[in-house]
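> Quick one: structure below, then a few questions.
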Amino acid sequence: MGQQAEIHQNHCPHGNWYFLPWHRAYLYAFEQICRELSGKPDFALPYWDWFIDRQLPVPFRPVAASSNVLDHPRPGFPENAFLPADIYSQVVLTRVLKAATFEEFGSTRPQGQDSAGPEWQRRRGNATELEFSPHNNVHTILSGDMASFMSPLDPIFWLHHCNLDRVWTLWAGSHPDVALDPLFLNMKFNGQFALPQGAPFSPSVADLVSTEQLGYRYEQPAVIVSISDPGLLERIQVWHELPKDSLKGVEAKFQDLQVKVPNPPNGERQILFAFSDAGGRVDSKTPVTIPLTASKPIISLIGDLGLVESGVQEFLAKPNDVKVYAIIMNISPPNELSTTLRIFVNCAYISQTTGSEDPHYVTTVSFFGVNHHDGDHGLSISVDLTAALGTLRRNGDLAEDQLLVQLQVAPAGDVPPATTEMKFGRVEAAIL
């Protein structure tokens, strides 16, 4: 297993759009080796569906005789502990599956990428919720080997990543017509994986976008096909392709980027952008608020966000025609990796005790693999604020002309965090 873990340590991408396809290739190659060694050609790696089962699967727990080969030191997670509900819930899964494009779903392209050359495989983009929240949190909360890039030494690693692989198939099944960029599809993972008897396996991403190409599948539930406004999809694509370091404007104020978007509806404004270069620190005692000001109330810029009333079937709902994102750059990891960072929006009363049940809560950021890559400056994330803003709009709670991006240090579980702080850099927001 040491050699398998070294493959992960030496090659795995995190924080960019190669995260999911690389790990799919890794799982596939390992499964073929398991079939060869076990003599069972139909062996299939299982998955741990932590959105449903927040306890460690029973076969992976310790036994009295300590003879369970699936048991492994997991000092951060007692035998009968639960993963935190604010990260592992159907609400989070629904939000993740609503991502309109792959870069919203599976983390973004590396900053400045202009080719599919191997030098881009481990360059940082912005991690999105599936990676920075449920993926990272399992690694850090279990601790032990799982908190390192040698995490495949822990048998639960394979079930963890199989579930991420399964969630990718759920998203792909509800977005059958999504367009994938050549910079994504043409990346080739040369010389990184081996099949039984040492046979080389060097797939490109294009070889990995469907599990059926690899000869396996997951049981699919009934899928509601996602519908999105075509104009919004175009704006999202333009936004991802913009060289962000070239964007200029007045700090902390929304500007109309006036970018060229194909087929603009009625010639209206396409993308609003705001940023703050102040950066700063956030500690476990005092949340931090980054205000970004618009020329009119935020409620007038975001429309109805395509939200539905209770009891209405989702596939009958009006598609979203606006998305709102925040990008938070270069977040330093905490000293205690089980500590997390919660994101809120426009909460006038935010404090250390404001919890994830609050309507202003957006998501929770967990930390894994930060500062592992050469030249790493911390974790950069892209956060979809749309659903939270929709809730606030419905509650009549968006009268002001400011978008408030708020950061709060929080524990991964129910134990209050020790006093700790995290640094963060540039904060951006876009209304598309």
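The values are calculated or read from the model by the stated rules, or taken from the named source; none is laboratory data. Keep in mind that what you see is a predicted model, and the values were worked out from it rather than measured. Here the Cβ positions follow ideal geometry from the backbone for every residue, glycine too, while neighbour counts run over all protein chains shown. Ligands, DNA and RNA are stripped out before the accessible areas are found, and what is left, the full protein with its side chains, is counted by its heavy atoms. Shrake-Rupley method; radii C 1.70, N 1.55, O 1.52, S 1.80 Å.
> With the requirement that a residue be of a type in the set (Gly, Ala, Ser), surrounded by 15 or more Cβ atoms within 10 Å (Cβ to Cβ) and over 23 Å from the mean Cα position of the chain (by Cα), what does the range 62-84 give you?
The one that is of a type in the set (Gly, Ala, Ser), surrounded by 15 or more Cβ atoms within 10 Å (Cβ to Cβ) and over 23 Å from the mean Cα position of the chain (by Cα): Ala81.
> Can you confirm whether Pro59 is open to solvent by 60 Å² or more (accessible area, probe 1.4 Å), assigned to a helix (DSSP H, G or I) and out of contact with any Asp or Glu (no Cβ under 8 Å at 6 or more places or on another chain)?
So Pro59 passes the test.
> Give the residues of the range 200-209 that are modelled with pLDDT under 95 and open to solvent by less than 40 Å² (accessible area, probe 1.4 Å), sorted by residue number.
Phe201
> Another one. Can you tell me which of (1) in contact with a Gly (Cβ under 7 Å, 6 or more places away or on another chain); (2) modelled with pLDDT of 70 or more; (3) open to solvent by 20 Å² or more (accessible area, probe 1.4 Å) is the one Phe273 doesn't meet?
(3)
> So in the range 298-344, with the set limited to residues that are among the charged types (D, E, K, R) and surrounded by 17 or more Cβ atoms within 10 Å (Cβ to Cβ), which one is modelled with the highest pLDDT?
Here the residue is Arg342.
> Here are His135, His160: which of them is under 16 Å from Trp17 (Cα atoms), open to solvent by less than 10 Å² (accessible area, probe 1.4 Å) and of a type outside the set (A, V, I, L, M, F, W, C)?
Sole residue among the options that is under 16 Å from Trp17 (Cα atoms), open to solvent by less than 10 Å² (accessible area, probe 1.4 Å) and of a type outside the set (A, V, I, L, M, F, W, C): His135.
> Which one of the conditions (1) surrounded by fewer than 24 Cβ atoms within 10 Å (Cβ to Cβ); (2) of a type in the set (Val, Ile, Thr); (3) in contact (Cβ under 8 Å) with a residue 12 or more places away in the chain does Val91 fail to meet, given that it meets all the rest?
Every listed condition holds for Val91 apart from (3).
> Between Ala430, Ala412, Ala399, Ala418, which is hydrophobic (A, V, I, L, M, F, W, C), under 17 Å from the mean Cα position of the chain (by Cα) and either under 26 Å from Arg235 (Cβ atoms) or modelled with pLDDT under 85 (or both)?
After applying the criteria, what remains is Ala412.
> In the range 29-56, what count of residues is obtained for those that are in a loop (DSSP other than H, G, I, E, B) and more than 25 Å from the chain's Cα centre (by Cα)?
Of the residues in the range 29-56, 6 are in a loop (DSSP other than H, G, I, E, B) and more than 25 Å from the chain's Cα centre (by Cα).
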